Amino acid sequence: MTSPTSAEPAPDTDCEPAADSALFDKIVNLCKRRGIVFGSAEIYGGFRSAYDYGPIGAQLLRNVKDAWWRSMVQMRSDVVGLDASILGPPQVWEASGHLTNFSDPLVDCTSCKTRHREDQLDDPDQCPNCGERGTFTEARAFNLMFRTQAGPVEGAGAEVYLRPETAQGMFVNFKNILETSRKRPPFGIAQVGKSFRNEITPGNFVFRTREFEQMELEFFVPPAEAQQWYEFWLADRYQWYVDLGIPATHLRLRPHDADELSHYSSGTSDVEFLFPWGWGELEGVANRGDYDLRQHASHSGQKLEYFDQASGDRYVPHVIEPAAGATRALMAFLLAAYREETVNDDLRTVLGLHPRLAPYKVAVLPLSRKEPLGALAGEVLAMCQPHWMCDYDETQAIGRRYRRQDEIGTPLCVTVDFESIDDRCVTVRDRDTMAQDRVPIASLVDHLASRLDL
Ligand code: GAP
């Protein structure tokens, strides 16, 4: 795991908070120390650009995806979900344009034999590794898709690809979903899942990896409504990050210049976050027009259109696509939540995560391991577990246990002490204010529910 690379865009300097490069190392260290993210295959020396999410990270990632699904599917009656296959035949990627267009320009340095993305070089004539000038080969297009084969027989017909985006699953299932879900435009299909890209320059921890998770919505609209829905989704997606705790000072919307647009897009804006190395994309909101449905219709020979029986109109819907990265969002939420405070000459590290994202909502902490405290704490834990992910910790001094929970973002700690045995009350301690309230065990679940506000 390395510090931010120079290949990333430099931060803008006008009227905005400075990027904090020390924060990057703190987050990477916290992730390793507390079981949030590990380098993949570390016992074999590591596997570059792949990461494993540990007990706390797996729960955090799940919460990010659940928060997205809640907002995009559960809370909307015009969006349905999908879980499509990762492996796909070449026809899909030929129709989508990925076989021809999904590539980065690659140059080799003939002096030190390193490879670079031409479009990310500070100086197009100087190798950033060895410093030699004029040693680059001609740029060639490097396709980012991972290719493999299905079944035991190699050769033509066995070739398959790992999807580089989840989006195509929605387009190839458009007809199936139109026929089975009774939805009509405007309506959307949402999907969360793994995507794979053979990135030339992975880096900055989980910001750019070769295997990552996406959260994508394809929203199908009557062509005349495309612009209005594009604006709607831009505002909605920006607000999602704000509502989950990312300060507006660290978020911005940036429209793409014409030469940045993907091959399918007639307009894209990125939701960007101020990462420790500067502004970086969290999510792209694109107006894909009717490109994808028309491409798949002409390659498959199927009609991919909508017939409005009421008006007699027949049309190919246009698509607005908010496309977010779950693993990248997780990193942004960690960076935005991290803070250090001095309390009674002691440094406390807090992950001020929104309760919806916090890996554990509640930690149950018996003041002592001795009975009958353990049994009572077990009873309290059993009351809470059906409602929330809970941690249970009976080791070390109580102050250190609070600090451990602060560091992983647990909003509420429930302490069971010796008085609890007589008065059937526990102490509820707040992560952010550190205030402590005495609460009857009989009403504990209602009390915690009202404070967590999930
Ligand atoms: N279907 C459109 C699409 O895939 P994209 O901008 O290439 O658009 C969408 O990807 C989001 O997926 C990005 O905004 C980013 O959050 C995430 N993403 C893309 N490539 C990634 C990578 N190599 N590592 C981590 N996240 C990535």
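The values are calculated or read from the model by the stated rules, or taken from the named source; none is laboratory data. Fair warning: this is a prediction, and the values are worked out from it, not measured in the lab. Methodologically, a virtual Cβ is constructed for each residue, glycine included, from the backbone with ideal geometry; neighbour enumeration extends over all protein chains shown. When the accessible area is computed, the model is the full protein with side chains, heavy atoms only, and any ligands, DNA or RNA have been set aside. Shrake-Rupley method; radii C 1.70, N 1.55, O 1.52, S 1.80 Å.
What to note about this one:
- Toward the positive end of the charge dipole of the chain, with +1 on the Cβ of Lys and Arg and -1 on the Cβ of Asp and Glu, the farthest Cα among 449, 49, 198 is that of 449.
- Positive contributions from Lys and Arg (+1) and negative ones from Asp and Glu (-1), summed over other residues with Cβ under 10 Å from the Cβ of residue 307, come out at 0.
- Placing pseudo-labels 7 Å out from each Cα toward the beta carbon at residue 22 and residue 339 gives an inter-label distance of 1.7 nm.
- Additional length obtainable on full extension of the chain from residue 261 to residue 62, 0.36 nm per residue less Cα span: 68.6 nm
- Total charge dipole magnitude, the stretch 360-452, about the Cα centre, Cβ charges on Lys, Arg, Asp, Glu only, Debye to nearest 20: 220 debye
- Electrostatic tally near residue 184: other residues with Cβ closer than 13 Å to its Cβ, Lys and Arg +1, Asp and Glu -1, net -3.
- Whether the stretch 366-418 is rounded, prolate or oblate, judged on the alpha carbon gyration tensor where a/c under 1.5 counts as rounded: oblate
- Set 32/194; 183/303; 32/65; 26/113; 32/113; 32/361 screened for pairs whose C-alpha atoms are more than 27 Å apart: 26/113; 32/113
- Amide H contacts of residue 199: none lie under 5 Å away among residues 5 or more positions distant or on a separate chain (H built 1.01 Å from N in the peptide plane; Pro and chain starts excluded).
- Across the stretch 377-454, Cα pairs under 8 Å and at least six residues apart give a relative contact order of 21 percent.
- The modelled label-to-label distance for the pair residue 87/residue 228, using points 7 Å beyond Cα in the direction of Cβ, is 4.5 nm.
- Net charge dipole size for the stretch 104-179 [Lys, Arg +1 and Asp, Glu -1 on Cβ; Debye, nearest 20]: 280 debye
- Using C-alpha pairs below 8 Å separated by at least 6 residues, the relative contact order for the chain is 14 percent.
- Highest mean packing first, where packing is the average number of other Cβ atoms within 10 Å per residue, the peptides 131-143, 84-96 line up as 84-96, 131-143.
- Assigned charges on the beta-carbon of Lys, Arg, Asp, Glu; the stretch 224-291 dipole about Cα centre (debye): 160 debye
- For the chain, with all protein chains in place and a probe radius of 1.4 Å, 49% of the accessible heavy-atom surface sits on carbon or sulfur.
- Average accessible surface area per residue within the stretch 246-398, 1.4 Å rolling probe, Å²: 42 Å²
- Mean silhouette area of the stretch 57-143, derived from the convex hull of its C-alpha atoms and averaged over all directions, reads 9.8 nm².
- Between 373, 362, 420, the Cα set farthest toward the positive side of the dipole of the stretch 360-452 (charges on each charged residue's Cβ, about the Cα centre) is that of 362.
- Protection proxy ranking, peptides 23-32, 117-126, 189-198, 39-48, average beta carbon neighbours within 10 Å, highest first: 189-198, 23-32, 117-126, 39-48
- Bins of 10 Å from zero: percent of alpha-carbon pairs in the chain: 4, 17, 25, 24, 16, 9, 4, 0, 0
- Prolate/oblate/rounded call for the stretch 360-452, Cα gyration tensor, a/c under 1.5 rounded: rounded
- Dipole of the chain computed with +1 at Lys/Arg Cβ and -1 at Asp/Glu Cβ about the Cα centre; of 315, 302, 110, farthest Cα towards the positive end is 302.
- Mean sequence separation of contacting Cα pairs (under 8 Å, at least six apart), scaled by the length of the stretch 194-281, corresponds to a relative contact order of 17 percent.
- Whole-Hz couplings from phi, Karplus 6.51/-1.76/1.60, listed for the stretch 385-401; x for Gly and Pro: 4, x, 9, 9, 5, 10, 9, 9, 9, 10, 9, 6, 5, 4, x, 5, 5
- Whole-Hz ³J(HN,Hα) from phi, Karplus 6.51 cos²θ - 1.76 cosθ + 1.60, for the stretch 407-422, glycine and proline x: 5, 10, x, 5, x, 9, 10, 10, 9, 9, 10, 5, 5, 4, 5, 8
- Computed FRET value (nearest 0.05) for residue 433 with residue 126, which takes r as the C-beta separation and R₀ as 45 Å: 0.25
- Neighbour net charge for residue 359 - beta-carbon separation under 14 angstrom, K R +1, D E -1: +2
- Estimated inter-spin distance, residue 348 and residue 158, nm [label 7 Å along Cα→Cβ]: 6.1 nm
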